[in-house]
């Protein structure tokens, strides 16, 4: 009798018979609890298997070259949705290193902004530290920055990119890796030092800071103590479907609690009945892998 693993379709079958979707994780101001915006996160919905984990999806897409085409869709879909939100609500979208290495990230950003008519300063492009040490990727990022788009570097603290590089690349925001934030309570010594140092160095360069993966009230309190500017994580909200995100975005002055119980514990049903939102269609074109 075949086991469950052998009965599961292979990755290519899962992807080619599914469809992409976006979820939106809120970004929260740590001074006030105010909703600042959302990070668009790629998901893959299979009719039988449900949501496919990004850890399975992304390596396959990058290996086959399809991340370039799908990355264009993520930008187009995210910008289309964000264009209908109030002008004070930002959108963050991750660009793959593959797009930047091929020098096509900037054209994807330009096209998404043109089609959606989203103001460039309402879009933040997030990249990994690897994008700051490769010539083609850096040139593509400079072009993107020239559009007036904000630049953010993800997972800061894991590779200790020079802050001189961040300044020269006109990076607006650094995001402190969740591995440090998530361990603040249990292993406060080194993790507190890393978080506090990143915040201090970033602020000395005029760069804002975001704590990733904040899950508890105590973690929130600690990163606020270090004067981190903003945070995201399950304490505030998990990645949300577009209907719920749009409902929050369109509620004037929406604020999250900065202490007490988190989002899931509150079981907030206020935004459960949201109006469906139209999505950009996606189909694979000519394969690049």
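Every read-out reported here was derived from the displayed coordinates using simple, explicitly stated rules and does not represent laboratory data. The model shown is predicted, which means the values in this text are computed figures rather than measured ones. Please note: Cβ atoms are built from the backbone with ideal geometry, for glycine as well, and neighbour counts cover all protein chains shown.
Once the C-beta distance of residue 133 and residue 29 is scaled by a Förster radius of 30 Å, the resulting FRET efficiency is 0.45 to the nearest 0.05. Stretching the chain fully between residue 221 and residue 200 yields a gain of 5.9 nm (0.36 nm per residue, less the alpha carbon separation). Residues 70, 56, arranged from fewest to most other Cβ atoms within 10 angstrom of their Cβ, appear as 56, 70. For the stretch 44-133, what class follows from the C-alpha gyration tensor (a ≥ b ≥ c being the square roots of its eigenvalues): rounded when a/c is under 1.5, otherwise prolate if a/b is larger than b/c, else oblate? Oblate, because a/c is 1.5 or more while a/b does not exceed b/c. Neighbour counts of C-beta atoms inside 10 Å place 87, 111 in the sequence 87, 111, starting with the fewest.
Full extension of the segment from residue 257 to residue 278, taken as 0.36 nm per residue of separation minus the current Cα-Cα distance, would add 4.5 nm. Stretching the chain fully between residue 250 and residue 110 yields a gain of 47.8 nm (0.36 nm per residue, less the alpha carbon separation). If R0 is taken as 45 Å, the Cβ-Cβ distance between residue 165 and residue 49 corresponds to a FRET efficiency of 0.65.
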